[in-house]
Structure formats: C-alpha cells, structure tokens
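Nothing in this text is a laboratory measurement; each read-out follows from the coordinates by a stated rule. Predicted model only: the values in this text are computed from it and were never measured. All Cβ positions, even for glycine, are placed from backbone atoms using ideal geometry, and neighbour counts span all protein chains on display.
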Amino acid sequence: MAVIGVDKVSKSFGRLRAVCELSFAVEAGSCFGLLGPNGAGKTTMMKMIYGTAARDANDGGTIEVFGFDPARDELSIKYLSGVVPQENNLDDELNVIQNLLVYAKFYGLPARVARERIASLLAFLELSEKVKARIRELSGGMKRRLVIARALLNNPRLLILDEPTTGLDPQVRHLIWEKLRQLRSGGTTILLTTHYMEEAFQICDRVLIMDKGRKVMEDHPQRLLEQNIERYVLEIPQEHAAKAIDGRRLPEAVRVDHAQGISRFYCDDLDRLKVVTDMLNGQAYYLRQANLEDVFLKATGRGLNEKQ
Amino acid sequence: MRSSETIPYPHLAWRLYSVWYRHMRVYTKNLVSNGLPPFLEPLLFLVGVGLGLSRYITESMDGMSYITFLGTGLLVTTAMFTASFECTYATFIRLEFEKVYDGMLAAPITVNNLIVGEIIWAGTKGLFFSFAVLCILTPFGIVRLPQALLAPLVGFLTGVMFASMSLLVTSFVKTINHFNFYMTGFLSPMFFFSGVVFPVSNLPKPVQLVAQIVPLTHSVRLVRAVCLSRYDPGLLANLAYILVFVAVFGALAVRRLRRRLVS
C-alpha cells in the first residue's frame, strides 16, 4: 500500500518550474530516495508533501499522504510524520532535553510520556550522555542526530529527511544509515533526499533521479545500475589517456567519455578495460566497479547547471 | 486509502499555547538578563527624568501631577517597545537567520497558528513589562492599588496591537537594518506625540489629528483611565480602535507572512 502518492505535480516560482509533472509512489515500510543535483527540485517536492510549499493549483496534480491532501489537511499529515529539515534549526538558547520538551508540546504529549520518549530516543541515537548539554557544545553529527530524535518524538509512521548526512563524517553517516534501516524494519516509511549516491545505494529500496524538476529515471538502485551503466569504469587523467590511446583502436564495446580532465572508459567486461590499461606504460589509473554516481552523472550530465 | 481516519492532532488552543510555550521557554532561559531590565529601566527613568525634571514642572497635566502623568504613560510605552522589538528584530532573526520557523512548521501547527501564537506571546511580554513598571510606580505612590492592577491588561492589548503592526512591517523587510526606519521614524515620534510626555491637547490642530490616528494614543487613554479610575464612555472608542486595529493588521500580517513561510 502506498503511503505517499504523487501524481503529475508541478510547482512554479514565477516563470521558473521547480517541479514539473512529477509522479511517484512510496510504499508503506519502504525507504524512497529523491536524488538530484542542487536545484533539481528535491526539497521543494518534499515541502509540498508536508504542506510548507503549495503545489500549483488546478493543473490536475494531486498529492496524497496517508490519504490526506497536504493542501487541505496538513495537520493530519504533520501529526503522522516526522521531518528532518536540511538545516539543523535547534534552539541554541535551550539545552538538548529542553529542545525536545518544547517540541513535544506541539504534539500534545503529556510531560511524563514526553520524558520517557525522549530518554529512549536519546539512547537510540546514542546521545544519552548529552541530555543536559548546550547546543553549541554539540558536534555537527550530534546536532544532526538530535534533529532526527526531534523528528521521531511522535513515533511517526512517515519520516521525511532532507539531506540527512550532508557534511557529516563517515562514522556518523554509517550510524545514521544503521538507525534509518532499523526504523524501516520497525515499519516506518522513509522518504529522503540526498546527493550521496552511496547513501541511496545503502538504504533506499527505490530511488528517483530528478533533474530540472523532472523525473529522469526511477527504480531499485541495483537495477538502475544494471540497466543504465556498464559494470566497470576505468578512469585515467585525460592527458595521459590522450597520449596512450592516440590513434590506437580501443577494444570492442568500450565506451569513452572525457570530462573535467578525466577520461572514463566503460565496459561490462573487465578484461577489455585491462587491455586499455596495458596501453598506458605504467601511468596511474583507477579501475573500479560502476556505481550509482556514474548513472547519476550519465543521467543528469557532467556540466553544472545555473543553480549549482 | 484511509482519509476517513481522524487524526488526533492537538486542537487550536493547544497549538497556540505550544507556540507561546516555545517562546516563553527561550525567553525565561536567561531570566536575569531578560527579566531585570524591565524593572530597572522605569526606575532609572523615574529617578533621572521624573524626579529631576518634575521639580520644574509644577503645572498639573490633565488633572494629575507630572510624575503620575509620565509614569502612567510608561506603563504602555514599555509594552509598545518590547512587543515591537519582539516582532521585528527577533522575528526576523527567527525567520531568516535561525530558521526556527522551518523547524516549528514541520510539527502539527499551521502558519496561522505560528503567527497568532507569536502575537499572543508579544502581548504577554507587554503584560509583563507593564507589570514591571507598575511594581516600580506603586511603592512611590505614583499609582494606587488595586485599580492600577488593570494596567498590565492594557499592556497586553498594547503588546498585541504593536505585535500585529510590527509583523506586518517585518513581512516587507528584506534586510534587518530596515527596521531602523520603523523604530526611529515611527515608534520614537509616537512616544513624544501620543500624550505620554506631555498632553496633546496643546499641540497644533494637524498634529492633534495625527495623534488621534496613531495607536499609542488610545493605549495611553485607557491606561490612565484604569489607573485613576476615571471612566467615561469615550474609552469604548479607544478600546474599539485597538480591537479593530489588531484584527486588521493581524490579518494582513498573517497573509503576508504566509507567503514568506510557505513557498
């Protein structure tokens, strides 16, 4: 069953169309990732889901979250959902537990219930020792975990996260991914935006790659890889590649692209790429499996758009 | 789908209370630095200006001693200034720099709840600041209890009135420095030309007319009436002015700030 149903939704800011006839569905208990470069419309799409951005009216686009339309019933949706915004907007004046207690009021949680819930959430996110800490004393990773704890105060059925791990160190990222996986196994539906391809690959059951407000592709991350890109990539600095290859024939079924000083050779057959490395006379190269980032760059292009 | 399901999100009064509670908790976090100045300021004002100056002002003003005239005026100007600061600089910082509202709006409250809660909070600060002035005036015998106990309520109304106007101003402001125009161009003149420091009845006619239009004049009339128990039917017009002002400016502020908070 779908928790979120988005159908042909658009959003315009003046003449700019930030989101353009986007459609997707998020199944209950799954983790759905919205991927795209900055300015692709990811955050705008999320805000339309919980009602802090209004979709274009009267163009036939619809959004349903738990069967509610955010344009009419934002309170029901917000009550059932937890939101982790892109910025850590914690109250610096208050300490950790006060931040959470103030927020618990919005859900009408009785003080005793709120305190129990907060204790277990702080334990879950490994912040129990920081219960009385000031916000300024927290590291970036701790602040992020605290914002996630805040979003979980009302035991949400849907958790919405806007770039949950941007700017965090690898340890914290892995910890957050692990917690998100645990929440999903507990039945929480998760919708997140990210530009970390690894993040999408690690935790998403389904990803939608969007660019300039439109859907480019959507599938299970593994299938996106299998169906849209060769299995292996060989990366060589462009000047070396040019010298080595100069006029020579490449093996069959090797695709090349040159961008930003790097030549990339794609092929499903590892041995054929090794033939290319043999032409290099010992120059440095990097031979690896293709990943979601390659798919992403292939889909959205390597050049920067005006909003990046 | 389950759209027939009723979701037990908190009712309106609770949602407004939770916004108010958030502001109250943040404000009372620094109780000494936030709570002491409202008492010290009127004390300094009365000692410095009132006692020093009133020796030279022997004429009574509107049938009261100058110190009573000025002191009762301070009961509402303090509410005006605190509510105006709260809903200009502080609101702007929450809106633009701290992104506090983005976090709050992810919880089950609407933009309307957020802004109305903000206005009620500014009214509460008006009430508290008025009360602080009352605490200073009473021991000096400048106002009498129990009738003056109604003054903080006028402070509340004044706070709510200036909060709605200030929020409307904030909805137009792009950089925080623009508030200087509002403060020195509008609030400071009002302090002098609303019958707080001297009666408006001796001013030239056009100035008197302006004094009738600006909001503070109506607060001053109400607060003097309750402090001196001098009630007359004309006060109903002052009260009506305040209520209509709040309704109109509050509605405009909600409309304009909604566009800023919901894209």
### Query
Using the eigenvalues of the Cα gyration tensor, what equivalent ellipsoid semi-axes result for segment B:137-176 when each is taken as the square root of five times the eigenvalue, whole Å, largest first?
34, 11, 4
### Query
Hey, which aspartates and glutamates would be in cross-link range of B:K174, C-alpha to C-alpha under 15 Å, not counting anything within fewer than 8 residues on its own chain?
B:E96
### Query
Binning every alpha carbon pair distance of chain B at 5 Å from zero, what are the percents per bin?
1, 6, 12, 17, 18, 15, 12, 8, 5, 3, 1, 1, 0, 0, 0, 0
### Task
Work out from phi, with θ = phi - 60° and the Karplus expression 6.51 cos²θ - 1.76 cosθ + 1.60, the ³J(HN,Hα) of each residue of segment B:21-33, listed in order in whole Hz, and give x for Gly and Pro.
4, 4, 5, 4, 4, 5, 5, 7, 4, 10, 5, 5, 6
### Rg/Rh ratio calculated on Cα atoms of segment A:2-226 (Kirkwood radius)
0.97
## Note on the structure
For B:M61, the net charge from surrounding residues (Cβ-Cβ under 14 Å; K, R +1; D, E -1) works out to +1
## Note on the structure
Per 20 angstrom bin, beginning at 0 and ending with the bin that holds the maximum distance, the Cα pairs of the protein assembly as shown fall in percents of 18, 40, 26, 12, 4, 0
### Task
Let me know the volume per residue of the alpha-carbon convex hull for segment B:78-122, in Å³.
58 Å³
### Message
Compute, for chain B, the length of the dipole vector about the Cα centre, with Cβ point charges of +1 (Lys, Arg) and -1 (Asp, Glu) only. Units Debye, rounded to 20.
### Response
500 debye
### Query
What does the helix-only formula give at 222 nm for chain A: each DSSP H stretch with n ≥ 4 adding -39500 (n - 2.57), the total divided by the residues, and the result rounded to the nearest 500 deg cm²/dmol?
-10500 deg cm²/dmol
### Message
Explain nothing, just compute: Karplus ³J(HN,Hα) = 6.51 cos²θ - 1.76 cosθ + 1.60, θ = phi - 60°, for every residue of segment B:122-132 in order, whole Hz, x for Gly and Pro.
### Response
5, x, 4, 5, x, 4, 5, 5, 4, 4, 4
### Query
Convex hull over the Cα atoms of segment A:94-232, averaged projected area in nm²?
10.1 nm²
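By average Cβ neighbour count within 10 Å, what is the ranking of A:93-99, A:131-137, B:214-220 from highest down?
Final packing ranking: B:214-220, A:93-99, A:131-137.
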### Query
List the chymotrypsin sites (Phe, Trp or Tyr not before Pro) in segment B:50-150 that DSSP assigns to loop (not H, G, I, E or B) and whose Cβ has at most 15 other Cβ atoms within 10 Å. Which are they?
B:Y56, B:F140
## Note on the structure
Expressed in angstrom and ordered largest first, the alpha-carbon extents of segment B:113-240 along the principal axes are 45, 38, 28
### Query
Past the 18 Å Cα-Cα mark, which pairs from A:K78/A:K132; A:K78/A:K105; A:K8/A:K212; A:K78/A:K212; A:K243/A:K298?
A:K78/A:K132; A:K78/A:K212; A:K243/A:K298
### Task
Go through segment A:253-269 residue by residue and turn each phi into a ³J(HN,Hα) via Karplus (6.51, -1.76, 1.60, θ = phi - 60°); whole Hz please, and just put x for glycine and proline.
6, 9, 9, 10, 9, 10, 7, 6, x, 10, 9, 10, 10, 10, 6, 7, 9
### Message
Kirkwood Rh and Cα-based Rg: tell me the resulting Rg over Rh for segment B:173-263, rounded to two decimals.
### Response
1.06
### Message
If N is the number of residues in segment B:1-116, what value comes out of its Cα radius of gyration divided by 2.2 N^0.38 Å?
### Response
1.61
### Query
What do the square roots of 5 times the Cα gyration tensor eigenvalues come to for segment A:230-289, in whole Å, largest first, as semi-axes of the equivalent ellipsoid?
15, 13, 11
